[in-house]
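Peer 1: One structure, pasted below without further comment.
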Amino acid sequence: MAGAKPIEGFDERFLDAKAVRMRYFVGGDGPPLVLVHGLAGAASNWSELAPVLAERRRVLLPELPGHGGSAPLPAAASLDPYAERVRLVAEAEGMLPAPIVGHSLGGLVALRLALRSPASVSALVLAAAAGIASATRRAEFWLSVSGCLRPARRISPHHERIARSPTLARAVFGYWEVSDPASLSPRSVAGFLAGQRLHTDVRSAGRVLVRDDPRLDLERVSCPSLVLWGARDRQVPVADAFEYARRLSATLRVIPDCGHLLIAERAAACADAIESFLGGV
């Protein structure tokens, strides 16, 4: 259901942001923190991590255009319009400047926001961020195939059954998504699958993603940065983490025995890394 709360304790809200109706969720009290999900993701991707962070902070979970309950953003030439909608939502909630945590595509959106509006971003956390390995012909091919087949949307209606079955969860998330499927809670499994039914346009984001290589721009990022990665990430290799950290002069934290969905697979370790980093900036 579009109106269902993906995370207990978070309120669903909407904002018309430059002709795009954005759905987002807010929870917790304290200093602001914005979490941006990845390609074909939704606010519910943060179902394990957001409640932990909301114990100390006011946490904002925007759904990118075309994802979850947010309206599509057709014909975008770059990721800047996606970053701008995130900024408008955070501004409307009075949550700027804020640290931005971005997972996968969300990391690249967060980067674009830091470059586009440096006064809005007080710190940056790149969690298995896209932008380096994703800017290749191989990545373009597989994103195109995935966009056409949309396998996750086909299994999304069965998310409750999959969440209750370790065997099915292993079949869906094993190897490519996570290193240890048994570490995923039923809540996180449902969180990664349920939002797929609501997507209206993830292919547009995928198309601009593969055209976006931020490496030449990274020296212009002025805020403190943390690069957070799973040691066994098979989607965006850990070599990308080292390159991001080097170019940003950023702190690097690699989580052992962890794949691409580190925000759920090792949520406690991610929360510790984020809080430790933000406590020092």
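Derivation of every value follows stated rules applied to the coordinates shown; laboratory data play no part. None of the values given here were measured: they were computed from a predicted structure. Note: ideal-geometry Cβ built from the backbone for every residue, glycine included; neighbour counts use all protein chains shown.
Peer 1: Once the other residues with Cβ under 13 Å from the Cβ of Ala71 are scored (Lys, Arg +1; Asp, Glu -1), what is the net sum?
Peer 2: Numbers: positive: Lys18, Arg21, Arg23, Arg85; negative: Asp16, Glu63, Asp201.
Around Ala71, the charge tally is +1.
Peer 1: Which shape class applies to segment 159-251: rounded if a/c is under 1.5, otherwise prolate when a/b exceeds b/c and oblate if not, where a ≥ b ≥ c are the square roots of the Cα gyration tensor eigenvalues?
Peer 2: Values: a/c = 2.69, a/b = 1.70, b/c = 1.58.
It comes out prolate by the Cα gyration axes.
Peer 1: Suppose a student asked you for the relative contact order of segment 184-281, using Cα pairs under 8 Å spaced at least 6 residues apart; what percent would you report?
Peer 2: Numbers: 86 pairs, mean separation 25.3, N = 98.
This gives 26 percent for segment 184-281.
Peer 1: So, in Å, what gap is there between the alpha-carbon centers of segment 172-193 and segment 60-126?
Peer 2: Taking the Cα centre of segment 60-126 as reference, the centre of segment 172-193 is 25 Å away.
Peer 1: Which net charge results for the neighbourhood of Leu262, defined as the other residues with beta-carbon distances under 13 angstrom from its beta-carbon, given Lys and Arg at +1 and Asp and Glu at -1?
Peer 2: Numbers: positive: Arg232, Arg234, Arg253, Arg266; negative: Glu48, Glu177, Asp180, Asp233, Asp257, Glu265, Asp272.
Result for the neighbourhood of Leu262: -3.
Peer 1: Okay, moving on. With an 8 Å Cα cut-off and a minimum separation of 6 or more residues, compute the relative contact order for the chain in percent. List each step's numbers first, then the result.
Peer 2: Values: 612 pairs, mean separation 59.2, N = 281.
Averaging sequence separation for qualifying contacts and normalising by length gives 21 percent for the chain.
Peer 1: What percent antiparallel are the DSSP beta bridges of the chain, to the nearest 5?
Peer 2: Restricted to the chain, the bridges split so that about 35 percent are antiparallel.
Peer 1: Continuing with this model, one more query. Please compute the net charge surrounding Gly279, taking Lys and Arg as +1 and Asp and Glu as -1 over other residues with Cβ under 15 Å from its Cβ. Numbers along the way, then the final one.
Peer 2: Details: positive: Arg56, Arg57, Arg253; negative: Glu55, Asp272, Glu275.
That sum, taken over residues with Cβ under 15 Å, equals 0.
Peer 1: So I have [x] 0.89; [y] 1.19; [z] 0.99, and one of them is Cα Rg over 2.2 N^0.38 Å calculated from this model. Which one is it?
Peer 2: Recomputing Cα Rg over 2.2 N^0.38 Å here picks out [x].
Peer 1: Let me ask something additional. May I ask you to derive the relative contact order of segment 155-228, considering only C-alpha pairs under 8 Å and at least 6 residues apart, and to give it as an integer percent?
Peer 2: Working: 33 pairs, mean separation 24.1, N = 74.
Once divided by the residue count of segment 155-228, the mean separation gives 33 percent.
Peer 1: Another question, then. Along the Cα→Cβ direction, 7 angstrom out, place labels at Ala231 and Ala182. What is the inter-label distance in nm?
Peer 2: In this crude label model, Ala231 to Ala182 measures out at 1.8 nm.
Peer 1: Further question: Name all residues of segment 62-82 having a backbone nitrogen under 12 Å from the label point set 7 Å from the Cα of Arg21 along its Cα→Cβ direction, giving them as ranges.
Peer 2: Residues passing the 12 Å test: 69-72.
Peer 1: Now for a different question. Quick check on packing: order 63-73, 17-27, 82-92 by the mean number of other C-beta atoms within 10 Å, highest mean leading.
Peer 2: The peptides rank, most packed first, as 63-73, 82-92, 17-27.
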